[in-house]
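In what follows, a structure is listed as structure tokens, so that the remarks can point back to it.
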Amino acid sequence: MPSAQKPMRYGHTEGHTDVCFDDAGSCIVTCGSDGDVRIWENLDDDDPKSIDVGEKAYSCALKNGRLITAISNNTVQVHTFPEGAPDGILTRFTTNANHVIFNGDGTKIAAGSSDFLIKVVEVSDSSKQKTFRGHDAPVLSLSFDPQDIYLASSSCDGSVRVWKIADQTCTTSWPLLQKCNDVINAKSICRLGWQPGNGKLLAIPVDQVVKLYRRETWDSQFDLSDAFITQSLNVVAWSPSGQYLAAGSINGSIVVWNVETQGCIERMKHEKNYSVCGLAWHPKYNHIAYTDTEGNLGLLEHIGDGKKADDKVASTVTKDYNDLFDGEDDDYLNGDIEPQSSPKPGADEDDDDVMPASAHLRRAIVDDDDNSLDIGMIKANSSLLEKEDDDDDQPGGFPALPPTSTQQPFYDGPMPTPKQKPFQSGSTPAHLMHRFMVWNSVGIIRCYNDEQDNAIDVEFHDTSVHHATHLPNSLNHTMADLSAEAILLACESTEELASKLHCIHFGSWDANKEWTVDMPKDEDIEAICLGQGWAACATSALLVRVLTVGGIQKEIFSLPGPVVSMAGHGEQLMVVYHRGTGFDGDQCLGVQLMELGEKKRQILHGEPLSLTRKSYLVWLGFSAEGTPCYVDSEGLVRMLNRGLGNTWIPVCNMREHCKAKSDHYWVVGIHENPQQLRCIPCKGARFPPTLPRPAVAILSFKLPYCQVATEKGQMEEQYWRSVVFHNHTDYLSRNGYELDGTAKSQALKEQQELLMKLFALSCKLEREFRCMELAELMTHSVVNLAIKYASRSRRLNLAQRLSEMAVEKARELATAEEDEEEEEEDFPKPSRAGFPSECGNHFLPDGFLPFSYSNSAREWSRQPVRSVQQDQEMEGAEESDACEEEEETPEVHKQRPNPFSRSATSAEVPAPKSIVVITSSSQGRVNPFKVSSNKKDPVVPSTNVLDTMTKQTKKTSLPSNRATNKQNPPVIKPLIPKPKSKQALAASFFQPRTPNSSEKTVEEREEKAGNESQEVKVPAQGNTENRRPRTGFQMWLEENRANILTDNPDLDEAEVIKEGMSRFRVLSAEERMAWTEKAKGGAGNELAEDKKRKRPTADEDEEEKKEEQESEDSNLPKKSKPLEQSTNVRLSAFAFKQS
């Protein structure tokens, strides 16, 4: 019976339709843009059953009594068939799915969506989903391999891809289609199909031909075409036997070929030439149902009947034909693809060698569809194909099976990954009509390429840099970069024109602001970037060309591989390129970083670029502060850690901020201070549209440290993030940039505060070794605070070890700064490089922590940061002790110095001054728990941190009187610089004393301190009395100065003081106390009560210690006024209370 075309039926409203048969072929199922699925018993059915599935139905598929539909609410739904009862949602997308299909046995479905994703979902358990990412535009159609190993897809990005379902990798990709930005603009919906049975061939409609690709080798076998086809083909469909292939075009032509003979057996024209968008073969008979874009349904019957015998396939011989066509190769291919599933893989391979020539001939004809005779003849006559001939170890020149099929068992390792194409950071794909050419921290360049216009718009975030500009794009520029001084554009070469680099230097002061450079023949620009005063381009000849921003050609250097992307900032140029072939979905990239300033040097020499597994590079650039950064397709942002040998550290995982799997963030800029990742959220896409103008979101950074939910993990992450994000300050200062000191000091403050909190936490957890490790990271002054905290927490062993560490840190600090002292001879000497004096630090208002920057740009120091609790705990004792020491210091200079100046006297090593009493020293450290009765006493007998613990009770309780009686509380005392050498004091406090060595050093330092105080004393004398009362030692010295000079007429002022100190020290405790009381007596009534206290002096021999202990015990009852004590003082007293 000849074929017949039945009259068409109106089925749905105007719009896209889809069609399929049920399993038995008893009815036709269609869906359309009216949201209905209709079930037709036959074409003459006047009352088809209708199921309302949604507002619009884009695609439907039917198997095993389940009807799945892709509908406009972005879901894939299941209905029972034929009842039409809703049976749940299989999966969701962020936009509508365009095509849904079942696999061979109906256990899985695949759906492709306009959000670029493909999902494969188990029908029985929809939680088992696999997502395939890789297309850069909406997915048009899908086809399951009959063996369930591969999935083929076509997309608006112009590519057809084959995916391996098991590991979700792209096996191959062909750029076959015309690119477009949406399904409605697609020239063809490209419904492709695998040959039923063994899936040996994949049919893809491309323009006016159907291309057939061979499985496994993915080579193009042959094309099917016909003069009857005058417009692009839209859809293909295989007969269930795999013998026939039908194709429908956008102008209503339907053509059927016999694949074996490649002959056309059927041609049909649509009644109204509407575009055919749905084709389905009857499962049993040679009937084809088809639908068009106007909602009509048609039927072709008896396809292939009445043709010559070798083409005729009746249903009775279908099985025989399948045996001939499929049976032998099924096991063979199964053996190739999955050797474990083949019963005799070895036998199949041997079979290939011993098979008779007739069998080879038969297989050649069947497998290669009559094309192999031509290939054999070509090979026989061509020496160019000798290599290929060798690969086909088949007799007679017939490549019975593709080379890789026979070679498969010899290589079953990882497959190479297609190399990533070059791209510009901050750009959207070049095939889009409206796209971003670049979006960075300077501005935005958009490109419009449609019927009306081909132009480029440049917009600046800060219009004071330059006004917005509109440029014609006659050269069809595809790459752009933007800096604060120039716009750089580049175009690829054409047959007539060379590839050009075009620069608009709007920062130029002359009239000619534009220049163009033509590349040599056959050399295309693939990536460009701008820096400060220079531009660079990487070309297909593996060269990087550097030019000045005015157009002078400068350096040229070769790249080891094809460029992927490049970026510039200031003097830095970063280039990423392919350093080799990646495998199993991984890219193999290398990175070079160089500085193009006066001293040209390379920082990174082609080191491998770390990427997440199976990801590729999507953004490359610098932070606003000049630190190299990049982002991969899995959303991981990495930054160069200059503090760890130029390694890359992940600083943010943008996937954690995405709500849906198909959402992405498109990076436009990175800032380190403040810490901001500026990006555009893209719902269901990898990049944003140009209109409406996308909004920029700001994400926070987070280093991937473990257990960040815990307090310890959180503080560790914050500390190291602060360190990493402030490495740029050191780099910039080394390279001669002027920096604002506040940011660095604030960062140091944060870091030290976090270390102190971690220290306190470790103390509570009794992790003393960990405390020492944390102290290694602390600055010298914060170690002092840690010592106090450890002692208050009764961790005396820890305090002892910390003291030793503090000595070492002080020594290092002194060594580092010794050279700097001599540079500033002309300034009065403040305490410690502009830091407030020891007592002054303690009398700052609560919470105020002074910062200072030492005069060399190198050495930053900061005051320790404490929690409120720590302040309360420690402040009282520190304030009172330190102030008493000051009051009893013999020379008191009342002049307030410039806090940032520094005296040149070499007696003092400028070290950061800490909040605590302990001060830095080049000689050693003071015992943190010992306070001497007068500052001039260099000899402190304590040799162990625990020696004076008992004495502290008295000293910490002393301030109660002052706290109660003094009208002006101690916290508002002015900052008074002290001339006395802190290094000498530190040495006396911390150094375990041996009479010969240390004594001499201390004396030398005191001598220098005396000289120094003499220099400063004269201008300060006027207001001495107003600032502070004199101490007992000062009064004693005034009265006894004449005697000292009589005995030693050659002494200068410093030596007089020194001699006086030694004589004053010999006095008994009672005599010294009398002088002290005498000094206090003249201070006025308001201070009288406040000053009644005794400061015991430590001496070297143990007897004096015992006397002091007795004296302390006897004095204790007088000193405490518990009801009026401040909380700080009570805490201090408690911490050192004797057991």
Sulfur and carbon atoms: percent of accessible area, segment 159-198 [1.4 Å]: 47
The answer for T171, listing residues at least 5 apart or on another chain whose modeled amide H is closer than 5 Å to its amide H, is V162, W163, K164
For segment 695-707, in order, what is each residue's ³J(HN,Hα) by Karplus, 6.51 cos²θ - 1.76 cosθ + 1.60 with θ = phi - 60°, in whole Hz (x at glycine and Pro)? 8, 8, 9, 10, 9, 8, 8, 7, 6, x, 7, 7, 6
Quick query: amide H of E266 versus all other amide H atoms, modeled in the peptide plane; which residues come in under 5 Å with a sequence gap of 5 or more or a different chain? V256
For segment 601-660, which trypsin sites (Lys or Arg not before Pro) are in a loop by DSSP, counting at most 12 other Cβ atoms within 10 Å? R613, K659
C-alpha center-to-center spacing [segment 629-672, segment 195-255] in angstrom: 44
State whether segment 6-68 is rounded, prolate or oblate according to the following rule on the C-alpha gyration tensor (a ≥ b ≥ c being the square roots of its eigenvalues): a/c under 1.5 gives rounded; otherwise a/b larger than b/c gives prolate, and the remaining case gives oblate. oblate
For the table K49/K683; K421/K661; K164/K284; K63/K164; K56/K187, the rows whose alpha-carbon distance is greater than 27 Å are K49/K683; K164/K284
What is the sum of charges, Lys and Arg at +1 and Asp and Glu at -1, for the other residues whose Cβ falls under 11 Å from the Cβ of I670? 0
Reduced to Cα centres, the span from segment 417-480 to segment 1030-1071 in Å works out to 83
So, by mean Cβ neighbours within 10 angstrom, what's the order for 69-82, 1060-1073 with the highest one leading? 69-82, 1060-1073
Neighbour net charge for E625 - beta-carbon separation under 14 angstrom, K R +1, D E -1: -1
Rounded to whole Å and ordered largest first, report the semi-axes of the equivalent ellipsoid of segment 30-171 derived from its Cα gyration tensor (root of 5λ). 26, 16, 14
Heavy atoms only, probe 1.4 angstrom, no DNA, RNA or ligands counted: give me V438, V723 ranked by accessible area, highest first. V723, V438
If R0 is 56 Å, what FRET efficiency do you get for E595 and E83 from their C-beta distance, rounded to 0.05? 0.15
In Hz, Karplus ³J(HN,Hα) per residue of segment 8-13 (6.51, -1.76, 1.60; θ = phi - 60°; x = Gly, Pro): 7, 10, 6, x, 9, 5
Please express the shape of segment 459-608 as an equivalent ellipsoid: the semi-axes are the square roots of 5 times the eigenvalues of the C-alpha gyration tensor, given largest first in whole angstrom. 26, 19, 15
Give, as a single signed number, the net charge of other residues whose beta carbon lies under 10 Å from the beta carbon of W194, with Lys and Arg counted +1 and Asp and Glu -1. +1
Built amide H within the under 5 Å cut-off of C652, gap 5+: V637, K702
Under Karplus coefficients 6.51, -1.76 and 1.60, residue-wise ³J(HN,Hα) of segment 39-52 in Hz, glycine/proline x: 10, 9, 5, 7, 5, 8, 5, 7, 9, x, 6, 10, 10, 7
Classify segment 593-639: rounded, prolate or oblate, from the alpha-carbon gyration tensor (a ≥ b ≥ c, eigenvalue square roots; a/c under 1.5 rounded; otherwise prolate if a/b is larger than b/c)? oblate
Trypsin sites (Lys or Arg not before Pro) lying in DSSP loop within segment 77-134, provided at most 16 other Cβ fall within 10 Å: K128
Please give the contour-minus-distance gain from E656 to T217: 0.36 nm per residue of separation, less the Cα-Cα distance, rounded to one decimal in nm. 154.2 nm
Quick one: grab Rg to one decimal and Dmax as a whole number for segment 411-532, Cα atoms only, in Å. 16.4, 64
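The values are calculated or read from the model by the stated rules, or taken from the named source; none is laboratory data. Small disclaimer: the values here were computed from a predicted structure and weren't measured. Backbone-built Cβ (ideal geometry, glycine too); neighbour counts: all protein chains shown. Accessible surface is based on the protein model in full, side chains and every heavy atom, while ligands, DNA and RNA are left aside. Shrake-Rupley method; radii C 1.70, N 1.55, O 1.52, S 1.80 Å.
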